[in-house]
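Here's the structure, in structure tokens; my notes come after.
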């Protein structure tokens, strides 16, 4: 086959997980030696598509053709054998082993049943030369920089005679110099007729590197086009262009005095110079892509992570030395992103989960007052409409939406002045989402200052009064949410662009 | 997020790097010198130095041989990222079934082979429990340990003599001793160290043990079947335990129910001191043997100086902690990074 010929085709791929249609008829093709980018918002189905391509998932419906023959991969191994390799976002380096062994993992050269070290090191030298790397094949891979480790992963694909290398957010932890290096190697791979499927949130990279771009949204491919025929703005429009259902019901609330003030908060290499204020009754949305540093900022504001400089003030009083206990004492509450890991004890009852942060108030001289606990839990089960037969139900048995309500109840019992919710509706069905938004509305009306962190643009725009975009650890823009504000404007700031005007 | 640019770090020379990674060599020399010195008459020793003698050195080598074999088995398990708490009772179990067979007149060679197969079987059982059923190794092997303890108490309620009058008994004692310095354990450990080292370095299976313990997921994605490799490692562990059990049985011609008490923990301490990583992916047989030597020297010298078992245990514990602290300092980055 020669350069530019189509060799991989996927047609109408459908992937169904229990209750979710993650892919709903995706079709696209890959040509020899091209760089084909996949773009889409979080949850659009990119990851699922990659997993289908690499054999990590089996497709539910549709066709997957390599060189015109239909394939059914049952493992990543089978895909690798057919020339489809993937460089994962999470690097899979064995740190205590040599560069050579890392390159030829699962594929070591043998002579008389023993490892042929001479050939191994010679072959490694060869691969390293192709990658422009001047390192000792015997050194431990753990001593390499992240960028070099990533090169090793690409080298691994080369040792397996890959025809297609899929790169999933390869630059997310690379420095600029390392990124440039990666681009050089990509160009070399293309010359050697190896195709690349490139996935990145960074649209400038996508525009720089790609020959063709496919946009995926809601598990469907929206459009495939040549790079020359499109612009960054058009890509963004395609990535988000769906109509917004009116599930937010944002009500106008009187904004009161300043409650939370964050001043020039910085943490080396994580975020810097974060400034913002939240007022009584106000909802401030934080939007940024995964890895932009949103959650890290919130953890620092809450005192769960350290920061190097800056200050956090609640009603004018600086929190110092800052730790979560002090924040809670001053009326801050933080419903974390990962509710199962950080927010809930799945094997305890609803009542225990709700009251766990309030046991002091619900006990006498260290002895828990069962009656008070029950009353408090019942009150919140009713007011937040948690669907459960009883407050003795184990939280692990509840649906995602109801679990989230339990998390909120737990924090609301502390009667917070400031409530931070990180990804409040992740993994929650649409109906419960609307209820969660309703609860946030009610709280704002009662005068709570609320911060909503989300990677869903519609959500932050729907619930917030004010919106702050974060890109690579820095605040790029602050918007008042008005009907005139467009998603394109917000998204471009979250992708590192400067705000208009 | 941008990766922090690498700060310029002063590069260590190759020699320094080698000793930082293998500080057990220095520790071993240090401990041996300290032991020899402390046991001399001027210091803690009595009329004469009972530690630093030819015959005690032979004894010491034999001890390293017996317990080194056990520790080598555990080293395989550590490299794949597992742990086996049942090795102590594997030793007692294997010794007991060997004694039972030898007493009832089974051919000695056949009895030894059967014992080794039983050891492998128990090791494989451990591996299966951990990899196929998915019980964490700490708990799974603890359960096996408890069960083995029960079995040992049943077949060997007190002690079982192979009988020095029997032909088997005679031969074994003779073989065990051979000529002074060259005892069976010493011969065996030399051979096994060579074989196991080649296995780990030059065979694909052995080499992949490190992948299994170093990055299970990466191994999985590269199609090397880390679960199967884990089972092989546990099986090798069982084999080594059986061998250790046989040696201990040969030494005194008896099997006792409490033969394995404590030697499991000593083996764990020894290989950790040697620098074998408990989290998996790092270690080799040389490290293991040197670690065992350090622990055996400490025990031996203190026995010679007539300290009680309690003091020996206390000192051993302190040494293990000191070595680990030293390890943290020399390999530095591990700690400072979190």
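The values are calculated or read from the model by the stated rules, or taken from the named source; none is laboratory data. What you see is a predicted model; the values in this text were computed from it and never measured. So basically every Cβ, Gly included, is an ideal-geometry build from the backbone, and we count neighbours across all protein chains shown.
Figures for the structure shown
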| read-out | value |
| --- | --- |
| Members of region B:245-257 that are part of a helix (DSSP H, G or I) and either modelled with pLDDT of 95 or more or within 11 Å of residue B:89 (Cα to Cα) (or both) | B:245 |
| Enumeration of residues in region B:278-324 that are free of Cβ contacts under 8 Å to residues at least 40 places away in the same chain and on the phi > 0 side of the Ramachandran plot | B:306 |
| Single residue of region B:105-117 satisfying the filter (crowded, with 19+ Cβ neighbours inside 10 Å and modelled with pLDDT of 95 or more) that is nearest to residue B:241 (Cα to Cα) | B:116 |
| Those strands (runs of 3 or more DSSP E) lying entirely in region A:19-109 with at least 1 residues within 11 Å of another protein chain (Cβ to nearest Cβ), touching a strand residue (DSSP E or B) at 6+ places or on another chain (Cβ under 8 Å) and modelled with pLDDT of 90 or more | A:84-87 |
| One residue from B:224, B:211, B:271 being outside any helix (DSSP H, G or I), in contact with a helix residue (DSSP H, G or I) (Cβ under 6 Å, 6 or more places away or on another chain) and either over 26 Å from residue B:97 (Cα atoms) or more than 14 Å from chain A (Cβ to nearest Cβ) (or both) | B:224 |
| Residue check, residue B:286 away from every other protein chain (no Cβ under 14 Å), surrounded by fewer than 20 Cβ atoms within 10 Å (Cβ to Cβ), under 12 Å from the mean Cα position of the chain (by Cα) and within 30 Å of residue A:96 (Cα to Cα) | yes |
| Residue identified as under 19 Å from the mean Cα position of the chain (by Cα) and either under 25 Å from residue A:439 (Cβ atoms) or surrounded by fewer than 18 Cβ atoms within 10 Å (Cβ to Cβ) (or both) among A:282, A:342, A:317 | A:342 |
| Members of region B:258-281 that are modelled with pLDDT under 90 and surrounded by fewer than 21 Cβ atoms within 10 Å (Cβ to Cβ) | B:258, B:261, B:262, B:277, B:278, B:279 |
| Strands (runs of 3 or more DSSP E) contained entirely in region A:143-243, each with at least 2 residues that are crowded, with 18+ Cβ neighbours inside 10 Å and within 14 Å of another protein chain (Cβ to nearest Cβ) | A:164-168 |
| Residue satisfying all of: in region A:127-142; closer than 30 Å to residue A:5 by Cα and assigned to a helix (DSSP H, G or I); farthest from the other protein chains (Cβ to nearest Cβ) among these | A:129 |
| Qualifying residue in region A:436-445 (condition: touching a residue at least 40 places away in the same chain (Cβ under 8 Å), out of contact with any helix residue (DSSP H, G or I) (no Cβ under 6 Å at 6 or more places or on another chain) and assigned to a loop (DSSP other than H, G, I, E, B)) | no |
| Selected residue (criterion: nearest to the other protein chains (Cβ to nearest Cβ)) from residues of region A:264-274 that are more than 19 Å from residue A:337 (Cβ to Cβ) and under 23 Å from the mean Cα position of the chain (by Cα) | A:269 |
| Test: residue in region B:32-53 that is modelled with pLDDT under 85, within 14 Å of chain A (Cβ to nearest Cβ) and surrounded by 15 or more Cβ atoms within 10 Å (Cβ to Cβ) | no |
| Residue match in region A:470-483 (condition: closer than 24 Å to residue A:20 by Cβ and either surrounded by fewer than 19 Cβ atoms within 10 Å (Cβ to Cβ) or touching a residue at least 24 places away in the same chain (Cβ under 8 Å) (or both)) | no |
